[in-house]
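These notes concern the structure reproduced below.
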Amino acid sequence: MKYLDLSAQYRSLKPCIDRRIQKVLDHGQYIMGPEVNEFEEALADYIGVSHVISCANGTDALQLALMSLGVVSSDVVVTTPFTFCATAEAIAALGARPVFSDVSPDTFNLCPDALEKSLNYYLRIYGSRLKAVIAVDLFGLPADYQSLHSICEKYGLYLIEDAAQSIGSSINGDMAGSFGSVATTSFFPAKPLGCYGDGGAVLTNDKQLAELTRSFRVHGQGKHKYENIRVGMNSRLDTIQAAILLEKLPVLNEEIAQRNSMANEIRMVLEPLGIDSQVIPSEYSSAWAQYTLQINKRDEFKKKLAASSIPTNIYYPLPLHKQPAYSSYHDANVDLTTSELLANKVLSVPINYELPGALKEIGI
Ligand SMILES: *Cc1c(COP(=O)(O)O)cnc(C)c1O
């Protein structure tokens with residue numbers, strides 16, 4: 001059993017994708033060719049936002065969003081420690097300070113109550129240097145934006161949605177990628193909407209923010225190519241990747257519906273055994289980037305599955321405040337116990353139709 005079979009998806013879309021790539025090779029506009037704009041518009045339409053600015057990867061997307069919001073090296077940005085390192089890395093790469101707030105034990109996303117508590121504490125220490133909160137939609141499940149939004153509004157902070165894992169998911173029909181002041185995503189191949197290389201995007205309804213991001217994306221470009229009005233980045237989505245994404249976007253909903261039904265079947269096997277999975281609250285739908293369960297005797301369980309050729313992964317074995325690169329940002333007065341407990345208990349399993357049968361067979 002494969003953990004994730006990206007080649008199966010390619011096989012089913014091969015004629016369309018091959019044709020689209022060939023078109024790019026024929027017209028030769030490899031950088032910012034017409035497919036880039038076409039894809040940005042298609043994604044904006046799908047998510048229901050006014051502006052999509054594509055870029056080179058999801059880490060750059062976070063950095064571009066922070067730059068466009070005016071986050072500078074003296075600033076402080078709050079985020080979850082239970083995420084892929086890029087979320088905190090983008091903050092630190094700007095010289096700003098990432099600080100952490102704990103997650104909920106059921107959804108694995110930022111806990112609104114814990115956020116309010118930690119914001120009170122961080123505000124006492126950092127005052128007006130505190131600028132923004134980055135929420136992550138972990139494993140495909142959107143964070144609790146209704147609560148997070150009102151908390152950020154109350155404290156005058158920007159809210160950024162890191163939707164790298166959640167394109168295609170929604171809350172009450174509102175799509176991930178549309179929450180907060182600005183959202184970012186990644187098209188890394190294994191993400192719900194993946195290309196065949198690196199890619200990412202910034203999404204927003206704010207016209208001014210979108211214009212700034214477009215400028216930052218190409219060396220802080222002004223009115224024309226050789227006018228540089230700010231220090232920016234070189235972070236564009238390749239035309240070939242945009243062409244691939246244009247063929248993949250129309251089948252995303254179908255793919256997610258399939259993953260959703262497979263996830264339900266997996267849950268039906270695990271639940272009677274008393275094994276908890278990430279909780280998807282009602283009104284929420286997940287893009288099922290990962291199916292993640294919590295298990296006390298994780299090593300034993302992982303070995304048992306491995307013996308039957310069932311691959312598993314641990315996302316994430318170490319919360320960011322325990323990582324050598326980020327531990328110095330941690331403040332021991334802020335309680336991050338839930339993230340620490342989760343890091344010791346989570347195990348992600350393959351999302352496919354063979355898994356429920358295979359689990360039953362080994363009699364777990
Ligand atoms: C993958 C990921 C990123 C970074 O995306 P890249 O395209 O790999 O740079 C950022 N945040 C989260 C939560 C991710 O899962």
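The values are calculated or read from the model by the stated rules, or taken from the named source; none is laboratory data. Here the structure is a predicted model, which means the values were calculated and not measured. Reconstructed Cβ throughout: ideal geometry from the backbone, glycine too, with neighbour counts over all protein chains shown. Only protein heavy atoms, including side chains, enter the accessible area calculation; ligands, DNA and RNA are left aside. Shrake-Rupley method; radii C 1.70, N 1.55, O 1.52, S 1.80 Å.
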What residue, among those in the range 144-168 that are within 11 Å of the chain's Cα centre (by Cα) and of a type in the set (Gly, Ala, Ser), is nearest to the ligand (Cβ to nearest atom)?
-> Ala164
Only one of Asn109, Asn57 that is within 13 Å of the ligand (Cβ to nearest atom) and either modelled with pLDDT under 95 or out of contact with any helix residue (DSSP H, G or I) (no Cβ under 8 Å at 6 or more places or on another chain) (or both) = Asn57
Pick from Pro81, Pro142: which is touching a residue at least 40 places away in the same chain (Cβ under 8 Å), touching a His at 6+ places or on another chain (Cβ under 7 Å) and not polar (S, T, N, Q)?
-> Pro81
Strands (runs of 3 or more DSSP E) enclosed by the range 46-114 - at least 1 residues per element that are open to solvent by 10 Å² or more (accessible area, probe 1.4 Å) | 51-55, 97-100
Out of the range 229-246, which residues are out of contact with any Ser or Thr (no Cβ under 9 Å at 6 or more places or on another chain) and more than 18 Å from Ala90 (Cα to Cα)?
-> Asp238, Thr239, Ile240, Ala243, Ile244, Leu246
Answer residue from the range 318-336, given it is part of a helix (DSSP H, G or I) and open to solvent by 60 Å² or more (accessible area, probe 1.4 Å) and is farthest from Leu270 (Cα to Cα) among those | Ser328
Check whether at least one residue in the range 347-358 is open to solvent by 60 Å² or more (accessible area, probe 1.4 Å) and free of Cβ contacts under 8 Å to residues at least 40 places away in the same chain, and report yes or no.
-> no
Filter the range 243-266 for residues that are in contact with a Lys or Arg (Cβ under 9 Å, 6 or more places away or on another chain) and either open to solvent by 20 Å² or more (accessible area, probe 1.4 Å) or more than 30 Å from Gln278 (Cβ to Cβ) (or both) and give the result.
-> Ala243, Leu246, Glu247, Glu255
Within the range 194-206, is there a residue that is polar (S, T, N, Q), open to solvent by 10 Å² or more (accessible area, probe 1.4 Å) and assigned to a loop (DSSP other than H, G, I, E, B)?
-> yes
